[in-house]
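This report concerns only the one structure given below.
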Amino acid sequence: MRIRHEAVGIAGLVAIVLAAAPIALAQTTGANQTRLKRGEYLVNFGGCHDCHATKMMTPNGPMPDKSRLLAGHPADAQLPPLPAGVVGAAPNQWAAITNGDLTAWVGPWGTSFAANLTPDAATGLGGWTVDQFIKTMRTGKHLGVGRPILPPMPWFDIAVLTDSDLKAMFAYLKTMKPIQNPVPPPIPPKG
């Protein structure tokens, strides 16, 4: 008799768990969808595509190339020559200058290239954890401990976002199409 009651009890528990599973999944999916929508909103509002996406010229001006969204500065792109003395801190110099894609910037800090934000494991954020992403955005250091993140990246503005917002951004970036694109490292200033 005891075995029968235990079997009925186990069967009942399994039935309850199986019945609740779709509800829990739907709730998780709904919460996840809300977080992804929030991440998409923040990435778009924050202008990440302005620098981290190559551009196509349209009648309305440059627009992000939808086939390479957030893949960063193209690894094979050549920068045009920069005349000496154009960029600097003096009043008669430009503070910064950029290429036509807005993916490479030159200033007194040297040359910086927009990073690959796609989830490509080898060249993008695919190998990053959410904690590394948050630490990077909070400290302005690559992976939270490495080299400084250079202008024009407004990491100091992103640093004020909540952990929840940064987690939403990271979750959304992880849903992007992975694009293998080994962005070059920064080039220090001459002299």
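The values are calculated or read from the model by the stated rules, or taken from the named source; none is laboratory data. Predicted, not measured: the structure shown is a model, and the values here were computed from it. Because the Cβ atoms are built from the backbone with ideal geometry, glycine has one as well, and the counts that use them run over all protein chains shown. Accessible surface areas use protein heavy atoms only, side chains included; no ligands, DNA or RNA. Shrake-Rupley method; radii C 1.70, N 1.55, O 1.52, S 1.80 Å.
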Extent along principal axes [Cα atoms of region 151-191; Å; largest to smallest]
42, 28, 11
What is the extension gain from Asp65 to Thr129, computed as 0.36 nm multiplied by their sequence separation minus the C-alpha to C-alpha distance, in nm to one decimal?
20.4 nm
Net lengthening on full extension, Asp76/Trp94 (0.36 nm per residue, minus Cα-Cα):
3.9 nm
Computed curve, region 83-191, Cα-only Debye sum without solvent term, log₁₀ I(q)/I(0) at 0.09, 0.14, 0.21 Å⁻¹, is -0.27, -0.63, -1.18
Mean accessible surface per residue for region 46-179, computed with a 1.4 Å probe while every protein chain stays in place, in Å²
53 Å²
Principal axis lengths of region 122-182 from Cα atoms, whole Å, largest first?
28, 25, 19
Expressed as a percent, the accessible surface of region 64-191 that is carbon or sulfur, using a 1.4 Å probe and the full set of protein chains, is 63 percent
Determine, for each peptide in 181-189, 73-81, 102-110, the mean count of other beta carbons within 10 angstrom over its residues, then list the peptides with the highest first.
102-110, 181-189, 73-81
Given a cut-off of 20 Å, name the pairs among Lys55/Lys135; Lys66/Lys177; Lys66/Lys174; Lys37/Lys174 whose C-alpha atoms lie farther apart than that in the structure shown.
Lys55/Lys135
The extension gain from Asp157 to Leu36, computed as 0.36 nm times the residue separation minus the Cα-Cα distance, is 41.5 nm
